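Just below is one structure, and these are the notes that go with it.
The values are calculated or read from the model by the stated rules, or taken from the named source; none is laboratory data. No experiment lies behind these values; they were computed from the predicted model shown. We place every Cβ from the backbone using ideal geometry, glycine too, and count neighbours over all the protein chains shown. The protein model used for the area step is the full one, side chains on, heavy atoms only, and it has no ligands, DNA or RNA in it. Shrake-Rupley method; radii C 1.70, N 1.55, O 1.52, S 1.80 Å.
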Amino acid sequence: MPRLSPTLALSVMLAACLPALALDGSRAGPPAGPDLQNLDLGQVTVRGGLTVAGPGKPAGSAFITVHNPANTPQPDGVFIAPIGPTIDYCSVGGCFDGPHLRSHVLINTTTGAGADAQENALAINFTSKTGKVVRWRPHTAFTVGQNVRVFGSACRASVGGTVQVVPDCLYTPTTSGTTGTVPPTGNPTSHRDGSVVWAFLGAGAHDGKTALNVACTAEEGAGQTWCTNFNFSVRYKGAGTAWGEEKDCNNGNETSEAGSRFLMACTFYGGGGEGTWPFLAYQYVGSGAVNTKNPNPYGANSYIFISGQPNDVGSVVRSEVILDAGNSAATIRALPGRRHADGFLVDGSDSAVILKASGTHAKGGVDLQGAIFPEGNAILLPDTTFITWGRAAFLGKNAAIGAITLGPSNSGTAYSMAAWDNGDLSYGRHLWSRGSAPALASCGAGTLSPGATDDHGVVALPAGSKGCRISFAAARAQKPACTFWMTSGQVPAGSVAATAVTLAYAPVPDGTEIHYQCMGR
């Protein structure tokens with residue numbers, strides 16, 4: 001009789017070893033009859049829950065159907081069909097109209113134990129004990145058989161069919177001993193380093209041991225390809241807490257000779273190459289129609305939650321959570337029309353600062369030009385809070401005097417300017433304007449003193465002057481209020497307008513000055 005294919009032979013062997021997985025829930029021993037290795041299989045169903053189907057069906061058809069059109073509950077068991085998409089089944093969400101799901105291996109299980117036992121449809125206990133790679137160090141003992149990475153070395157290796165030079169290669173001692181100071185490099189067969197003799201082992205380590213490895217390739221002509229697909233259908237019918245997915249990335253590393261003390265990545269999303277998109281959407285949570293009887297139908301209670309308590313021995317994250325979107329329009333963005341009860345970004349921590357910026361920013365630090373504030377407050381600050389520039393200039397509410405102050409201190413009376421809520425304004429030294437100087441006309445050889453502006457100044461008059469016109473550099477919106485006094489003791493007459501001041505007086509002696517001060521818009 002013909003021998004079974006390796007796949008069929010393995011399936012039949014599994015059938016003989018799994019008597020407890022009967023389709024009808026009963027227990028059954030190995031099937032009676034002739035030796036299965038010599039059995040000519042047309043189509044044989046092994047009672048015990050593992051069904052093996054042979055040839056005899058059209059290509060692409062389902063050899064095993066584990067449901068019926070009425071969508072009644074599917075039977076428990078382990079189903080293996082080794083040729084083609086041979087098991088026609090429904091997901092836990094039920095069958096859909098049209099073609100059903102198909103698989104080579106199907107496991108249907110229903111829990112039966114109480115709260116004293118955890119039950120799993122598929123469990124893998126995996127222990128990794130081999131493949132260790134250590135790091136080369138000077139004056140260190142190494143033994144024959146060790147795999148040693150030499151950082152800084154370079155060796156020749158075939159990469160994609162082309163011989164290339166690659167860094168940080170692997171070597172193994174052919175003679176045990178203690179290293180010196182010259183590690184191996186290249187592709188030697190015997191390199192002496194102290195009392196150790198090294199031989200080239202390989203360009204890199206393939207020491208990654210995996211409990212579950214899924215290699216998925218989508219070739220030309222393929223439709224949507226889901227390399228891993230988790231359909232969580234959790235129906236709460238008086239049930240307790242249900243966890244759709246749990247990833248416990250717990251690093252119990254005790255020593256770290258060859259690499260980092262940290263997990264490389266618990267979940268990593270990356271692009272495949274030039275012109276590719278790493279993923280269309282990631283970590284997406286939508287409210288949908290969930291919890292519709294609640295006025296706030298949230299899809300999730302927390303989006304991304306990084307847990308840690310202030311009294312933890314170590315930090316949950318060593319340095320920072322990096323949300324770097326590269327050259328994108330923004331790293332974090334809230335979409336228009338969204339409403340947040342507390343705020344878009346809320347910091348309730350005891351961190352050193354709330355927001356820290358560095359680098360070069362073309363448009364400034366904070367841009368609120370496009371925002372609308374119904375209450376008219378662009379920035380809200382608590383009392384006694386200051387804005388500071390290099391710890392040398394402070395602007396804020398000074399509790400010592402109860403006013404907004406600007407100056408070299410954030411308390412006391414050492415301020416340059418203070419503004420009170422009642423409208424009072426005070427300053428620490430001089431009040432002056434740095435505007436443009438006015439123009440003089442009809443003043444003879446009169447001259448303006450340095451620093452003269454539309455608001456204040458001094459005019460030096462020549463002997464015999466009988467009048468002067470001071471034209472403002474910038475016309476005012478309204479006629480200002482101006483005061484004058486002359487060093488000769490005279491009181492000038494004249495007029496004040498929004499554009500100029502015109503003065504008349506008796507002829508003055510040499511050295512006479514007119515002092516003026518104007519206030520107003």
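Residue under question is N213, and the condition is that it be assigned to a loop (DSSP other than H, G, I, E, B), open to solvent by 60 Å² or more (accessible area, probe 1.4 Å) and of a type in the set (S, T, N, Q); does it hold? Talk me through it step by step, then tell me what you get.
On the way: assigned to a loop (DSSP other than H, G, I, E, B): yes; open to solvent by 60 Å² or more (accessible area, probe 1.4 Å): yes; of a type in the set (S, T, N, Q): yes.
Yes.
Looking only at segment 312-345, filter to residues that are surrounded by 10 or more Cβ atoms within 10 Å (Cβ to Cβ) and under 21 Å from F373 (Cα atoms); which one of those is nearest to the chain's Cα centre (by Cα)?
Among those that are surrounded by 10 or more Cβ atoms within 10 Å (Cβ to Cβ) and under 21 Å from F373 (Cα atoms), it is R333.
Among all residue pairs at least 6 apart or on different chains, which show Cβ distances below 6 Å where the first residue, located in segment 140-165, is among the hydrophobic types (A, V, I, L, M, F, W, C) and the second is part of a strand (DSSP E or B) and loosely packed, with under 13 Cβ neighbours inside 10 Å?
A154/V165
Quick one: S465 ticks every box in (1) open to solvent by 20 Å² or more (accessible area, probe 1.4 Å); (2) touching a residue at least 24 places away in the same chain (Cβ under 8 Å) except a single one, so which number is it?
Evaluating S465 over (1) open to solvent by 20 Å² or more (accessible area, probe 1.4 Å); (2) touching a residue at least 24 places away in the same chain (Cβ under 8 Å) leaves (1) as the failure.
Sort through I379, I401 and tell me the only one that's open to solvent by less than 60 Å² (accessible area, probe 1.4 Å) and in a loop (DSSP other than H, G, I, E, B).
When all the criteria are applied, what remains is I401.
Check T405, T360 and return the single one that is among the polar types (S, T, N, Q) and either within 34 Å of the chain's Cα centre (by Cα) or at positive phi (or both). Lay out the reasoning, then the answer.
Working: T405 fails: either within 34 Å of the chain's Cα centre (by Cα) or at positive phi (or both).
That would be T360, the only listed residue that is among the polar types (S, T, N, Q) and either within 34 Å of the chain's Cα centre (by Cα) or at positive phi (or both).
When the residues of segment 497-521 are filtered to those that are farther than 14 Å from L440 by Cα and within 60 Å of the chain's Cα centre (by Cα), which remaining residue is least open to solvent (accessible area, probe 1.4 Å)?
C518
Looking at the structure I just gave you, is A481 open to solvent by 30 Å² or more (accessible area, probe 1.4 Å) and modelled with pLDDT of 95 or more?
In short, yes.
List the residue pairs whose Cβ atoms are under 9 Å apart, where the first residue sits in segment 432-450 and is touching a residue at least 24 places away in the same chain (Cβ under 8 Å) and farther than 15 Å from L503 by Cβ, the second is of a type in the set (G, A, S) and part of a loop (DSSP other than H, G, I, E, B), and the two are 6 or more positions apart or on different chains.
W432/G451; G435/A473; G435/A474; S436/A473; S436/A474; A437/G451; A437/A452; A437/A473
I'm trying to understand the selection: among the residues of segment 106-123, which are of a type outside the set (S, T, N, Q) and in a loop (DSSP other than H, G, I, E, B)? Even if it seems obvious, please write down each step before you answer.
In the first step, residues of segment 106-123 are kept if they are of a type outside the set (S, T, N, Q); the result is 106-107, 112-117, 119, 121-123.
Answer for segment 106-123, where residues must be of a type outside the set (S, T, N, Q) and in a loop (DSSP other than H, G, I, E, B): G112, A113, G114, A115, D116, A117, E119, A121, L122, A123.
Residue under question is T388, and the condition is that it be of a type in the set (S, T, N, Q), at pLDDT 90 or above and open to solvent by 100 Å² or more (accessible area, probe 1.4 Å); does it hold?
In short, no.
I'm checking my understanding of the structure. Among residues of segment 285-298 that are more than 18 Å from F344 (Cα to Cα) and either among the β-branched types (V, I, T) or touching a Ser or Thr at 6+ places or on another chain (Cβ under 8 Å) (or both), which one is modelled with the highest pLDDT?
Across segment 285-298, the extreme among qualifying residues is P297.
Can you list residue pairs whose Cβ atoms sit under 8 Å apart, with the first residue in segment 102-130 being touching a residue at least 40 places away in the same chain (Cβ under 8 Å) and the second being of a type in the set (S, T, N, Q) and surrounded by 10 or more Cβ atoms within 10 Å (Cβ to Cβ)? Count only pairs 6 or more apart in sequence or on different chains.
The qualifying pairs are R102/T86; N108/Q74.
Are any residues in segment 466-521 polar (S, T, N, Q) and either closer than 16 Å to P438 by Cβ or touching a Ser or Thr at 6+ places or on another chain (Cβ under 7 Å) (or both), and if so, which ones? I'd like the intermediate steps shown before the answer.
Here is the first cut: in segment 466-521, the residues polar (S, T, N, Q) are 471, 478, 483, 487-488, 490, 495, 499, 502, 512, 517.
Residues satisfying the conditions are S471, T483, T487, S488, S495, T499, T502, T512, Q517.
Within the set of pairs 6+ apart or on separate chains, which have a first residue in segment 328-347 that is modelled with pLDDT of 85 or more and part of a loop (DSSP other than H, G, I, E, B), a second that is charged (D, E, K, R) and open to solvent by 100 Å² or more (accessible area, probe 1.4 Å), and C-beta atoms under 9 Å apart?
T331/D324; F344/R338
Output the residues belonging to segment 346-357 that are of a type outside the set (G, A, S), over 27 Å from T267 (Cα atoms) and open to solvent by less than 100 Å² (accessible area, probe 1.4 Å).
V353
Please enumerate the residues belonging to segment 484-496 that are within 20 Å of T453 (Cβ to Cβ), of a type in the set (A, V, I, L, M, F, W, C) and open to solvent by 50 Å² or more (accessible area, probe 1.4 Å).
Residues satisfying the conditions are F484, W485.
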